[in-house]
Amino acid sequence: MPDIHYTHPSLLPDDIEDSPSLMTYLGLYRKLLEISDPIFRKVLSELIAEKPDILLVPGDLTKDGELIGHEVVEDLLQDLENKGIKVFVVPGNNDILNPDAFSFTTEPPVPVNSITPEQFAEIYGNFGYGEARYRDNNSLSYICEPYTNLWIL
């Protein structure tokens, strides 16, 4: 499940057309920010119904690395783990130390907290980092073995 680009609703205005900055952003990046929360929740409910053994999430979990977005994504992915679906994540280019982490509830938008690589590994500790057999010291790459003789790199 790549490129979720989850955007917490509290970072968006009630009407996206009231924010010229957000409209410009959406014109440049063509993301469905205003409906990312319900889309993500719907996909997760379908995954729970399908019950895959493993879910790989190869990056861009959040719009632009917003801490609040990562916290919600972590909570929702934990629901999958609680249902017996093993989840493994790695960051994408939008997820860490992103200078474009903004709240668009005001005009102009205001910066919000983005996360560090260390925070990413901590927040997503239940999704690969905490169970890694090996972890690269210079990146967020890791190897895990969810089942005997099945390694994920």
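Throughout, read-outs are computed from the coordinates displayed, never taken from laboratory work. Predicted model, so just to flag it, every value in this text is computed and none were measured. Here the Cβ is made from the backbone with ideal geometry for all residues, glycine too, and neighbour counts use every protein chain on show.
Across all directions, the average projected area of the convex hull around the alpha carbons of the chain is 9.1 nm². Listed values for segment 26-32 are Karplus-derived 3J(HN,Hα) couplings in whole Hz (6.51 cos²θ - 1.76 cosθ + 1.60, θ = phi - 60°), namely 5, x, 7, 10, 6, 9, 8, and x replaces Gly and Pro. All other residues whose Cβ lies under 10 angstrom from that of PRO146 are scored, Lys and Arg at +1 and Asp and Glu at -1, for a net of -2.
Entry note, the chain: the mean residue ellipticity at 222 nm calculated from DSSP H runs of n ≥ 4, each adding -39500 (n - 2.57), is -9500 deg cm²/dmol after division by the residues and rounding to the nearest 500. Taking the Cβ of LYS83 as the center, what net charge do the other residues with Cβ under 13 Å away carry, scoring Lys and Arg +1 and Asp and Glu -1? Net of charged neighbours comes to -3.
Placing unit charges on the Cβ atoms only, positive for Lys and Arg and negative for Asp and Glu, gives segment 1-135 a dipole magnitude near 540 debye about its Cα centre.
Along the Cα-to-Cβ line of GLU118, 7 Å from the Cα, sits a label point; which residues in segment 79-110 have backbone N less than 17 Å from it? From segment 79-110, the list is 96-98.
Between the residues TYR129, ASN94, VAL110, the greatest Cα displacement towards the positive end of the dipole of the chain, with unit charges on the Cβ of Lys, Arg, Asp and Glu, is found for TYR129.
On full extension, the segment bounded by ASP100 and GLU34 gains 22.1 nm, given 0.36 nm per residue less the C-alpha separation. So what J values fall out for segment 62-79 if you push phi through Karplus, 6.51 cos²θ - 1.76 cosθ + 1.60 with θ = phi - 60°, rounded to Hz, Gly and Pro as x? Values, residue by residue: 10, 4, 8, x, 4, 3, 4, x, 4, 5, 5, 4, 4, 4, 6, 5, 5, 4 Hz. Taking Lys and Arg as +1 and Asp and Glu as -1, the other residues whose beta-carbon sits under 15 Å from that of THR24 total -3.
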